[in-house]
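Below is one structure, written out as structure tokens; comments come after it.
Each reported figure results from applying straightforward, stated rules to the coordinates on display, with no laboratory input. Note that the structure is predicted; figures quoted are calculated from it, not measured. Positions of Cβ are generated from backbone atoms using ideal geometry, with glycine treated the same way; all protein chains shown enter the neighbour counts.
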Ligand SMILES: Nc1ncnc2c1ncn2[C@@H]1O[C@H](COP(=O)(O)OP(=O)(O)OP(=O)(O)O)[C@@H](O)[C@H]1O
Ligand SMILES: [Mg+2]
């Protein structure tokens, strides 16, 4: 009984008192509940893909959002793993449990290779170089059409399971574990790992990070490897779900998609890209169902992005959290917006509400 | 006879056609605080950057604790016990002040010394305390005033518990009261001892500064740089009286100092 009380007290303090965590919990429960509510193949398909794309977008955020290494060709990691997994499955009949990790390992090595230009280049220059990588890989793949299927890609890849629900839950478990790892790895407040702070520091000012005795090369490669790994996991899951590894996995627009999702959701947050995918991707798929939606799809997407960037330049998650959470000016503990006094130190909160955001941003 | 603690040998740096540092040689002993002065554009900051390895010298060598550190990556040098601050402050702007100082506490040099995960935050706090900005620990660095950022630079540098501190204009942008305070802290740091969890071995210091009146009382020796060349190297009172130094400064600040001391 006492343990139950302790546990409940902890839940109350650490989850229910913080709106952002309540939302995360609700989101997670909804994910679990979805197949119980509907087993419609269309919905399951949309949300399975959303889970996979969320891993992909979050892995871009680790590299470019947190570490500041602009990668405009993130589909490289996704695609290289997709093709690896697909080819292993087709030619050697390996099961997804082998091919997906293999794909991820290949994606890590490609990630380490892609990290080499980051030693000398920064910002848009690095972006331009990374942009070309998927195109180079496409060129190589098209050079061996008998082996890689050329423009058509490799099809007939086996699924994880024949049941749509099992596929959904597989993606969900992988998604949950991946996102938790990426979140811990990048969280600056984490007591477990201190990599988060270092990655932030590298993004903010690499010279200062080095002058602080941090081997930035090592951490940059680590970010490339980790980002490659999870993008690779996403790519592997994707081919075993779609049953085809084609050139679209290396598409330029697919790389940009990761960036759009992340910026829409909130960059350098991990939960931002997840939210971005889960809002934008299903929305566009549902629009596709209606006749007019299919026509206006591109326009709606563009307008949505423009409006979002104008009114929520830091992403929708940051915008929402800003509305429903108040940081205590004294002890910086997060409170629900309707509280009058800080739950930790009892400092009055209503005074800061208006100016806190600007102040934290350094605008005042 | 042991080798000097820091030994700069015939270092030259050429930017295009400009010799920013020309054949500079000097030594620094473990117990010293040395001032590096000179008119604007004399090459002081460049010389510091050559020592830390941010810039590669065109020719010449730098030895620190008998290791050749010429052009070596700054992160390695820092882990050998050297620390520096920048003239133009370079904080991690979006990170809280505390996190800014936690980064050096996470370097291999600091980490070796103990259970890092738990003590990192406390050590960072002590570094802030020492520089007198611990009340700003939770603010993002972007909201700090210039004077506070200068002190944050210093806190970041001392957080690795260095044996040699290279400070580029630590008093720049500070008001007179703050300047005296920082000057006193530097003196205290040099004496060595414990500041909370932060241990000071009493680092040697090389201080670049324009505010001579504040610099002179704390230094043991002064090196004067003009047009990239070392034109004087000696005790403060000798250097102040040197003809060439007065000429380089057009007599202005050095005379002011003499007037003060009389
Ligand atoms: N990266 C660079 N590229 C080209 N020229 C440079 C570079 N850095 C410095 N210089 C030049 O080298 C000379 C010395 O500059 P430095 O910054 O070392 O002077 P300083 O003594 O620190 O001056 P101040 O007192 O104004 O800080 C200046 O003429 C400067 O323009
Ligand atoms: Mg300078």
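Using only helices, what value at 222 nm comes out for chain A when you add -39,500 (n - 2.57) per DSSP H run of length 4 or more and divide by the total residues, to the nearest 500 deg cm²/dmol?
-22500 deg cm²/dmol, from helical runs alone.
How many partner chain Cβ atoms sit within 10 Å of a residue's Cβ in peptide A:213-221, on average, as a whole number?
5
Got a sec? How would A:27, B:5, A:229 order by Cβ neighbour count within 10 Å, fewest to most?
In increasing order of surrounding Cβ atoms, one gets A:27, B:5, A:229.
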Order by neighbour count: B:52, B:58, fewest other Cβ atoms within 10 Å first, most last. B:58, B:52
So the FRET efficiency between residue A:125 and residue B:142, C-beta based with R0 = 25 Å and rounded to 0.05, is 0.45
Highest-MSF residue in chain A out of A:175, A:278, A:147 [GNM, Cα springs under 10 Å]: A:147
Quick check: the distance between the Cα centres of region B:54-78 and region A:24-96, to the nearest angstrom? 46 Å
Where both residues lie in the protein assembly as shown, what percent of DSSP beta bridges are antiparallel, nearest 5? 65 percent
With a point put 7 Å past each Cα toward its Cβ, work out how far residue A:347 is from residue B:31 in nm, to one decimal. 4.7 nm
Is the C-alpha gyration tensor of region A:263-318 telling us rounded, prolate or oblate? Criteria: a/c under 1.5 is rounded; beyond that, a/b larger than b/c is prolate, otherwise oblate. oblate
Candidates B:234, B:16, B:71, ranked by Gaussian network fluctuation over chain B, Cα under 10 Å, top entry: B:16
Is the protein assembly as shown best put as rounded, prolate or oblate by its Cα gyration tensor, with a ≥ b ≥ c the root eigenvalues, rounded for a/c under 1.5, and otherwise prolate when a/b is larger than b/c, oblate when not? prolate
To test your reading of the geometry: what angle, between 0 and 90 degrees and rounded to tens, separates the Cα axis of helix A:2-11 from the longest principal axis of chain A? 80 degrees
By how many degrees, 0 to 90 and rounded to 10, does the Cα axis of helix A:216-242 deviate from the longest principal axis of chain A? 60 degrees
Theoretical ellipticity at 222 nm over chain B - DSSP helices of four or more residues, -39500 (n - 2.57) apiece, nearest 500: -11000 deg cm²/dmol
Roughly how many Å is it from the Cα centre of region B:4-52 to that of region B:200-249, as a whole number? 12 Å
Count, for each residue of B:92-98, the Cβ atoms from other chains sitting within 10 Å of its Cβ, then give me the mean as a whole number. 5
Determine, for A:160, A:26, the number of other Cβ atoms within 10 Å of each Cβ, and report the residues in order from fewest to most. A:26, A:160
Could you work out which residue, out of A:50, A:223, A:188, moves most in a Gaussian network model of chain A, that is, has the largest mean-square fluctuation with Cα springs under 10 Å? A:188
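For A:195-204, what's the mean count of beta carbons from other chains sitting within 10 Å of each residue's beta carbon? Intermediate results must be reported in sequence, preceding the final value.
Values: counts 1, 1, 11, 4, 0, 5, 10, 2, 3, 11.
The mean count of partner-chain Cβ atoms within 10 Å per residue comes to 5.
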Helix A:96-114 against the longest principal axis of chain A: what's the angle in degrees, Cα atoms only, rounded to the nearest 10? 80 degrees
Calculate, in nm to one decimal, what residue A:192 and residue A:162 gain on full extension: separation in residues at 0.36 nm each, minus their alpha carbon distance. 6.9 nm
Restricting to bridges with both residues inside chain B, how much of the DSSP beta-bridge set is antiparallel, in percent to the nearest 5? 60 percent
Pairwise label distance in nanometres, residue A:112 with residue A:300, each label 7 Å out on the Cα-Cβ vector: 4.5 nm
What is the gain in length, in nm to one decimal, between residue A:27 and residue A:136 on full extension, counting 0.36 nm per residue of separation less the C-alpha to C-alpha distance? 35.4 nm
Separation of alpha-carbon centers, region A:155-200 and region B:143-157, rounded to whole Å: 38 Å
